[in-house]
Structures are given as structure tokens and as C-alpha cells.
Amino acid sequence: MKTAFISDVHANLAALEAVMADIERRQPDEIICLGDTVGYGPQPAECLAIVRDRCSVVLMGNHEHAVLYGAEQFTPLAQTAIDWTARMLRRRETLDYISSLSCEHNRENLRFVHGSIRNPLLDYVREADSPWAFLHLIRTLQEEFVGFNICFVGHNHRAFLGTEVGYIFPHDGGQIRKTRFHIGREKAYVSVGSVGQPRDGDWRPSWLMFDGEDVEYHRVEYDREKTIELILGAGLPEFLAERLRYGN
Ligand SMILES: [Fe+2]
């Protein structure tokens, strides 16, 4: 069984269409979306319609939550984008759909969340920046991954694996190319990366395929100038357009 994962589309339709085309070429059995389909970008309704139609599981991200319940905890820039997004999504049917989404999904030995197992909506799984942070990850995997061994997350907009032996980053470029990793029965956080607003230094949308044993990361190119133009044309903050050029 092949499952494709996407996350953090952030209303970037050009990126989503490029990712969906790449996914469909590889013929997964299903597609799972880990939330933040809206927010920041210029085409929230169009992106929601695609994930609703094509994904077997769609989670609520903190941006969907903010559209429904307010964005008090957001930065001023993100609040501006949420206010704009909420105006675009005011149709009752769309809001009903968003409010029907759940924050986590459990399946056999797998967990799907937007944030982390501690707070499925808001908490970030991050790469460790100190030995203590890495020990914290090991303790989490050993003590809190109970009844499941792999948790797929979005929210941080970065593609990597967090395992008991270290953080593992896919390399999709240059002479060393390593994008497929065996997990098997090991415990791991699998961070999917972002379709519509990557922040790991690579501007290309990220998605991954899981076959029950291995994960394989993919990056695809898309016409980012199209999305940049729409962001600026909508009057959304310029920074949201500019960051798409660099993936940060
Ligand atoms: Fe996000």
C-alpha cells in the first residue's frame, strides 16, 4: 500500500497542482493531507477543493483553526493573511467543511497530526539545536510513542526524519542523492515538509511517499512567479511573496 503525504499547502495552487501531478504519476493508493491548506497564499478555496476531492484524510491545521476561531496567537503578518483568507472563505459550506476536520488521525501503528503528539494543532517538531534537545526527542520516542511507532507531521515546513539515532535529512540534488529511508519497526517522527511555503532553504514544494517500510521524499518545481504575482495582486504582505523565491 502506497500512501502519499502532503502538508502546508498554504493556498499556493500552482505548487499544489505541480505536486499532485507528480504524485499521480507515481500512483499511490491514497493521499493524506496534514493541514494548513489555507493561510498566507492567494487561492485558499481552490486548494481546499482539491484536497477535499483527492485526499482520503485531511487534517485541520492551525491556519484552518484560526480562520474559524481567530488568530490572536499569530504574528501581525500572519493575522493579516488570516483576515484576508477568512474573507475569501466566508461561504457557509466551506466553513462547515473546515470545521468538520479533525486535528489528528490514528491508524494501526501510525499517527497523523499537524503539529506534534503533545499538541496536534500547535506544537512544532523541530530539528535539535543542542544535545539536550536531541535527548528530549529520544525520550519522546521511547516514552510517548506508545501504541504506534511512526508519527507523520507537518507545521514546521521542513522535510526531515527525527529518529533515535539522529536527525536525517533528504538530499535531492548534487552528487550525493539520498531521498529514500528505511524505517521498518523503528520509532520516528516523519516531517513531511511544505507544499506551498517550504522553509528548509529549498524553494521547491515537498511531499513524500510511504509504503509501510520506507519513506521517500520528493521535491518538484513549479511556476512560483505565478503565485508571487497573485499574492502581490491580492494585497497580501510582500514578504509572503518574497519568501517563496528562497524557501525560507
Ligand atoms: Fe503551516
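Each reported figure results from applying straightforward, stated rules to the coordinates on display, with no laboratory input. Fair warning: this is a prediction, and the values are worked out from it, not measured in the lab. Every residue, glycine among them, receives a Cβ derived from its backbone with ideal geometry; neighbour counts consider all protein chains shown.
Details
- Order by protection proxy (mean Cβ within 10 Å, highest first), peptides 76-88, 56-68: 56-68, 76-88
- A protection proxy built from the mean count of other Cβ atoms within 10 Å ranks the segments 173-182, 100-109, most packed first, as 100-109, 173-182.
- Tail weight of P(r) past 23 Å, computed on alpha-carbon pairs of the chain, percent: 46
- Helix 224-233 axis, angle to the chain major axis (alpha carbon atoms, nearest 10°): 40
- Multiplying the residue separation of GLU143 and GLU186 by 0.36 nm and subtracting their alpha-carbon distance yields 14.1 nm.
- Förster radius 41 Å - calculated FRET efficiency between LEU68 and PHE134 (Cβ-Cβ, nearest 0.05): 0.70
- Cα gyration tensor category, rounded, prolate or oblate, for the range 88-138 with a/c compared to 1.5: oblate
- Global geometry of the range 134-248, whether rounded, prolate or oblate, following the gyration tensor of its Cα atoms and the 1.5 cut on a/c: prolate
- Inter-site label distance for ARG126 and ARG25 at 7 Å from Cα along Cβ, in nm: 3.5
- In sequence order, the range 117-133 has phi-based couplings of 5, 6, 9, x, 9, 10, 6, 9, 8, 10, 5, 5, 10, 7, x, 5, 5 Hz under the Karplus curve 6.51 cos²θ - 1.76 cosθ + 1.60, θ = phi - 60°, and Gly or Pro positions carry x.
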